[in-house]
1. Based on the alpha-carbon gyration tensor of region 269-321, what equivalent-ellipsoid semi-axes (square roots of 5 times the eigenvalues) come out, in whole Å, largest first?
2. Pop a pseudo-label 7 angstrom from the Cα along the beta-carbon direction at both ASP30 and SER330 and give the gap in nm to one decimal.
3. May I ask you to list the aspartates and glutamates whose Cα is less than 16 Å away from that of LYS238, ignoring any residue fewer than eight positions away on the same chain?
4. Multiply the residue gap between ARG250 and MET66 by 0.36 nm, knock off their C-alpha separation, and tell me the result in nm, one decimal place.
5. Among the aspartates and glutamates, select those whose C-alpha is under 16 Å from the C-alpha of LYS7, and discard any that sit fewer than 8 residues away in the same chain.
6. Anyone know which of LEU163, LEU247, LEU33 comes out most mobile in the 10 Å Cα GNM of the chain?
7. Check each of the trypsin sites (Lys or Arg not before Pro) in region 11-115 and keep only those in coil by DSSP with at most 16 other C-beta atoms within 10 angstrom; list them in order.
8. Helix-only mean residue ellipticity at 222 nm, the chain, DSSP H runs n ≥ 4 weighted -39,500 (n - 2.57), per residue, nearest 500. What is it?
Amino acid sequence: MKILALKLKRIGDLVLTTPALVALRQAFPDAHLTLAIMENCEGLIPAMPYVDEVLVFRAGRANARMLVRLAIGRFDVCLDFTGNDRSAFFTFLSRAPRRITFGWVKRAPHRALPFNEFVESSVRENHTIDHHLDLLEPLGILRRDVPVTLNLPWTTREAVSKLLEQAGISGPFAIVHPGTARAEKYWSPERWAAVIDHCQGNLGLPVLVTGSLAPFEQAHLKAIAARLQTPWRDFSGKLDLLGLAELIRRASLLLSMDSAPVHFGAAFHTPQIALFGETNPFAWRPRHDRALVLYAGEPEPLTRFEPRARPCPLIELSTETVITAIGSLSASLRAAP
């Protein structure tokens, strides 16, 4: 059997598709599994050995080779996890006898045309992992608990070890990842600085700050650095995607916005605190027992998650709430057997 899976979105979306890809591999160990992704996710390919072939779409560039591969691939099944115009076109090109997507795609009739099987699964009523797993039901694969799975290569582990050695980090450390691609998710520099100073000054836990080299994100990081009373350890731009994932795997604590690092933390059950405000944590939260989810406007970590929630600006999340959550998480880890 030849299976084509389409996930043409952001890094975090792809990470949360890995349980479905692993479930596919387990159900069809001899199948040839091809995955189509966006260029920004290409760095994750070495961590996904359960996929046989990866096709990368490069926006704004010629993609003739990829399109030809889709057209001549002789796929038996096409699974569209994406639900946009591009993925509908790729499904049409595949000419697979079974072309499967979600029922909500039918809201845009032109997108639904290439498909002949639809799975009813609400994107609002399910965690993203479960929503992706639901798409496998026509293949006889029922939803079950499959973990986020990234298999990091040894070359990445060695490179991160060297980077930590060069930075003089030999013991436990925390990671703060304060940036995302969306400005409305940002927390204030003053509050990040207070949290970093608390970890380093009160807890004696070195903090490594990670992020991209995007100008807007760099400006945010510089604003945080200008307000610090303790050392600034800037790892932004020093890591590729796999390096960031490996650093998070080793961390004693991860604090981040609703972005890809949240899902890297979930993959490795890293103790983590995830900050949400404009996006609902119901569908995107880490679900392991060493994760706390903070939602703007709420004074304590969430214990109940609702499919519908009022977006709230992160200015409504206090510094005290985050620092208290750090103490709570640290206490629970010390108490664990």
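Please treat every number below as a calculation from the coordinates, not as lab data. If you're wondering where the values come from, they're calculated on a predicted model, not measured in any experiment. Cβ sites come from the backbone with ideal geometry, for glycine too, and all protein chains shown count toward neighbours.
1. Details: eigenvalues 57, 39, 15 Å².
Those come to 17, 14, 9 Å.
2. 5.6 nm
3. Filter leaves GLU158, GLU165, GLU217, GLU246.
4. Numbers: separation 184, 0.36 × 184 = 66.24 nm, distance 3.60 nm.
Length gained, ARG250 through MET66: 62.6 nm.
5. Hits, sequence-local ones excluded: GLU39, GLU42, ASP52, GLU53, ASP80, ASP85, ASP130, ASP134.
6. Fluctuation is largest for LEU163.
7. In loop regions of region 11-115 (DSSP not H, G, I, E or B), the sparsely surrounded trypsin sites (Lys or Arg not before Pro) are ARG58, ARG61, ARG74, ARG95.
8. Numbers: 13 runs with 118 residues, N = 337.
Result for the chain, helices only: -10000 deg cm²/dmol.
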